[in-house]
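Participant: One structure, pasted below without further comment.
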């Protein structure tokens with residue numbers, strides 16, 4: 001009979017379960033105190049894991065659409081990406097689209113709560129077709145090529161109190177706002193929220209001295225699994241003789257974030273597991289006391305036919321019951337308390353209801369049961385090894 | 001009680017318990033204490049034996065040897081023709097579970113369990129189903145003459161006599177061929193003690209070998225055979 005079958009057999013044999021239940025109830029205060037230890041441990045492990053996971057989800061959520069793009073930038077010492085280099089990129093396989101980007105920065109001033117505020121905005125020259133692949137409109141439409149129209153990011157619109165049809169003045173040139181973009185969060189390609197996007201003609205008019213070529217090229221790949229080999233191929237083609245461009249795969253950001261937040265979660269859970277360790281020692285203590293107090297009973301059981309295995313099973317079942325009850329309570333409290341804290345701290349309790357957060361709750365639950373069983377193992381072993389005659393004589 | 005009296009002529013001559021030159025030595029510091037010295041006895045199947053002796057004579061040690069609760073320092077103990085020296089812990093447990101029922105002076109019931117649950121305990125270790133063992137436990141309590149309204153009472157809710165009846169029912173649970181009783185009337189008044197001994201007598205008459213350890217000469221009257229022990233040696 002394997003362990004699972006043994007447990008099922010013990011539970012279905014209601015006398016074993018009844019004995020375990022009554023023995024736990026016998027010293028109810030002591031049982032409750034041991035259970036509180038496990039509950040705290042489960043809550044600590046689960047909530048620390050959930051906290052780390054929520055931090056990760058919260059940060060990765062703020063980086064939008066970063067997985068499927070390559071950012072090609074001039075190598076150190078190079079001024080820009082040339083048209084020839086873009087031609088070379090076009091020969092690489094697995095490319096969905098190539099979006100050249102030129103950009104400049106501007107300081108703008110606006111009034112907020114009655115005070116003058118300065119802010120930095122990026123002015124972009126991205127072809128309309130390319131821009132449509134990178135951003136989404138909240139209101140209005142995209143600019144027409146050759147026009148003096150522009151679309152602005154959500155932060156720019158909010159700070160300057162812009163709406164479609166209004167005008168924005170950059171370097172004494174007025175541009176008509178025809179569209180406002182949806183908020184996108186931080187990006188490694190372009191900063192949409194604080195950007196102003198206009199036609200190439202208008203951009204050249206604004207910055208007549210800008211370099212020939214582009215500041216960066218955003219390459220959208222077809223198959224994300226092949227993104228690294230696509231980056232290698234671009235580098236191989238362009239950097240044959242000398243390093244002219246650097247290629248950065250945005251998915252490496254998510255991989256690094258996963259690693260960093262994975263380590264944070266593990267560290268936090270490590271702190272949480274200390275409380276579970278303390279709970280384990282408490283269970284060990286409670287069960288050892290119980291073993292000592294029940295020495296005579298163990299002797300009686302052995303005299304009437306209990307084997308070492310029977311005694312071991314009885315004590316382990318008690319530890320299992322204690323672990324199950326306390327871990328369930330711990331998991332429920334984690335979910336309830338976690339929901340309230342998430343709603344208050346992150347203003348978003350949805351992180352708690354993700355599969356990855358539930359995994360940490362389950363992990364805490366199983367760690368709680370395992371701790372209880374490990375804590376109960378030595379007392380159970382000790383009880384099972386008692387000599388029946390010595391146990392019967394114990395007073 | 002259903003057991004019919006078994007006349008001596010019908011009793012088996014087959015020894016159910018055999019001790020051959022059994023010694024039990026306890027070591028206390030540098031001192032060696034002989035609890036049993038070269039004891040050799042044979043107890044026939046279906047016999048009612050009283051082991052008599054004063055306190056410290058070795059009678060309980062002898063009973064513990066027969067009940068597989070203790071092993072001899074030297075010599076051989078056979079129960080139901082099985083040499084105990086050749087058994088490991090599981091083997092000794094199996095002998096206790098299937099061949100021996102214990103009755104103790106202190107009753108030794110599990111305080112958290114009711115009367116019927118106490119009787120069920122040996123059957124749990126024998127792997128019997130909950131339904132079957134509950135039925136059998138009720139039967140055993142009836143056989144031990146415990147009024148069934150006490151079946152759901154815990155030990156502290158019963159008198160000494162009632163507790164000893166529960167203990168007897170528990171000893172009978174797995175229908176063992178041997179009943180071992182260590183001062184079974186020691187904690188009971190005379191009348192209750194007599195009733196318990198009558199019960200053991202009746203169980204013996206239905207075929208169970210009963211071995212009673214006592215220092216009370218009154219109990220000798222219930223048995224067929226008396227073994228006297230003094231300073232760890234059989235004297236008669």
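Derivation of every value follows stated rules applied to the coordinates shown; laboratory data play no part. Everything numeric in this text was worked out from a predicted model, so none of it was measured. Positions of Cβ are backbone-derived with ideal geometry, glycine not excepted, and every protein chain shown enters the neighbour counts.
Participant: For A:175, B:71, what's the fewest-to-most ordering of other Cβ within 10 Å of each Cβ?
Facilitator: Going from least to most buried by this count: B:71, A:175.
Participant: With a 10 Å Cβ neighbour count serving as the proxy for reagent exposure, in which order, fewest first, do A:237, B:24, B:175, B:165 appear?
Facilitator: By the 10 Å Cβ count, ascending, the order reads B:175, A:237, B:24, B:165.
Participant: Quote the FRET efficiency, to the nearest 0.05, computed for residue A:258 versus residue B:159 with a Förster distance R0 of 51 Å and r equal to the Cβ-Cβ distance. It would help to have the intermediate numbers written out before the result.
Facilitator: Working: r = 71 Å, r/R0 = 1.40.
After rounding to 0.05, the efficiency reads 0.10.
Participant: Would you please give the FRET efficiency between residue A:242 and residue A:266, computed as 1/(1 + (r/R0)^6) with r the Cβ-Cβ distance and R0 = 56 Å, to the nearest 0.05?
Facilitator: With R0 = 56 Å, the Cβ-Cβ based efficiency is 0.85.
Participant: Right, here's the next one. Bin by bin, in steps of 5 Å, what percent of the Cα pairs in the stretch A:329-379 do you find, going until the bin that has the longest distance?
Facilitator: Cα pair-distance distribution for the stretch A:329-379, in percent: 5, 20, 23, 20, 12, 9, 6, 4, 2, 0.
Participant: Compute the angle between helix A:355-384 and the longest alpha-carbon principal axis of chain A, please, reported from 0 to 90 degrees and rounded to the nearest 10.
Facilitator: Roughly 20 degrees, rounded to the nearest 10.
Participant: While we're looking at this one, here's another question. Could you work out the helix-only [θ] at 222 nm for chain A, with each DSSP H run of four or more residues adding -39,500 (n - 2.57) and the total divided by the number of residues, to the nearest 500 deg cm²/dmol?
Facilitator: -19000 deg cm²/dmol
Participant: Right, something else. Post the alpha-carbon centroid distance, the stretch B:166-188 to the stretch A:178-214, in whole angstrom.
Facilitator: Result: 96 Å between the Cα centres.
Participant: Which one of B:160, B:56, B:67 has the biggest mean-square fluctuation once chain B is modelled by GNM with Cα springs under 10 Å?
Facilitator: Maximum fluctuation in the GNM of chain B, among the listed residues, is at B:56.
Participant: Additional query: How high is the FRET efficiency from residue A:136 to residue A:176, r the C-beta distance, R0 22 Å, rounded to 0.05? Working shown, then result.
Facilitator: On the way: r = 20 Å, r/R0 = 0.93.
About 0.60, to the nearest 0.05.
Participant: Taking just the C-alpha trace of the stretch B:171-236, give me its Rg and Dmax in Å.
Facilitator: Both quantities, over Cα of the stretch B:171-236: 12.4, 34 Å.
Participant: Another question, then. Over the Cα atoms of the stretch A:70-143, what Rg and Dmax result, in angstrom?
Facilitator: Spelled out, the Cα radius of gyration and Dmax of the stretch A:70-143 are 17.0, 54 Å.
Participant: Which order do A:287, A:202 fall in if you start with the one that has the fewest other Cβ atoms within 10 Å?
Facilitator: Ascending number of Cβ neighbours within 10 Å: A:202, A:287.
Participant: Still on this model: Using only Cα atoms, tell me the angle between helix A:227-238 and the longest principal axis of chain A; keep it within 0 to 90° and round to the nearest 10.
Facilitator: Tilt relative to chain A: about 30 degrees.
Participant: If you don't mind, there's one more thing I want to ask. Rounded to two decimals, what is the ratio between the C-alpha radius of gyration of the stretch A:69-249 and 2.2 N^0.38 Å?
Facilitator: Compactness ratio reported: 1.09.
Participant: If contacts are Cα pairs under 8 angstrom and at least 6 residues apart, what is the relative contact order of chain A in percent?
Facilitator: 28 percent
Participant: Normalised by the residues of the stretch A:69-249, what does the relative contact order come to in percent, with Cα pairs under 8 Å and at least six apart? Before the final figure, lay out the partial values.
Facilitator: Working: 373 pairs, mean separation 66.3, N = 181.
Result for the stretch A:69-249 is 37 percent.
Participant: Can you list, bin by bin at 5 Å, the percent of alpha carbon pairs in the stretch A:21-104, starting at 0?
Facilitator: For the stretch A:21-104, the binned pair fractions read 3, 9, 11, 10, 8, 8, 7, 6, 6, 5, 5, 4, 4, 4, 5, 3, 1 percent.
Participant: Could you tell me whether chain B comes out rounded, prolate or oblate from its Cα gyration tensor? Rule is a ≥ b ≥ c as square roots of the eigenvalues, rounded for a/c under 1.5, then prolate if a/b exceeds b/c, otherwise oblate.
Facilitator: Prolate is the answer for chain B, as a/c is 1.5 or above and a/b outweighs b/c.
Participant: Choose one answer from A:334, A:148, A:371: the residue with the largest mean-square fluctuation in a GNM of chain A with alpha-carbon springs under 10 Å.
Facilitator: A:148
Participant: Please report the equivalent ellipsoid semi-axes of the protein assembly as shown, computed as sqrt(5 x eigenvalue) of the Cα gyration tensor, largest first, in whole Å.
Facilitator: In descending order, the three semi-axes are 91, 24, 19 Å.
Participant: For chain B, set up a Gaussian network in which alpha carbons nearer than 10 Å are linked by springs, and say which option among B:143, B:132, B:154 fluctuates the most.
Facilitator: Highest fluctuation of the listed residues: B:132.
Participant: According to a simple spin-label model (label point 7 Å from Cα along Cα-to-Cβ), what is the distance in nm between residue B:32 and residue A:381?
Facilitator: Here the answer is 3.4 nm between the modelled labels.
Participant: To the nearest 10 degrees, how steep is helix A:308-345 against the longest Cα principal axis of chain A, on a 0 to 90 scale?
Facilitator: So the inclination is approximately 30 degrees.
Participant: Could you work out the helix-only [θ] at 222 nm for chain B, with each DSSP H run of four or more residues adding -39,500 (n - 2.57) and the total divided by the number of residues, to the nearest 500 deg cm²/dmol?
Facilitator: Mean residue ellipticity at 222 nm (helix-derived): -9500 deg cm²/dmol.
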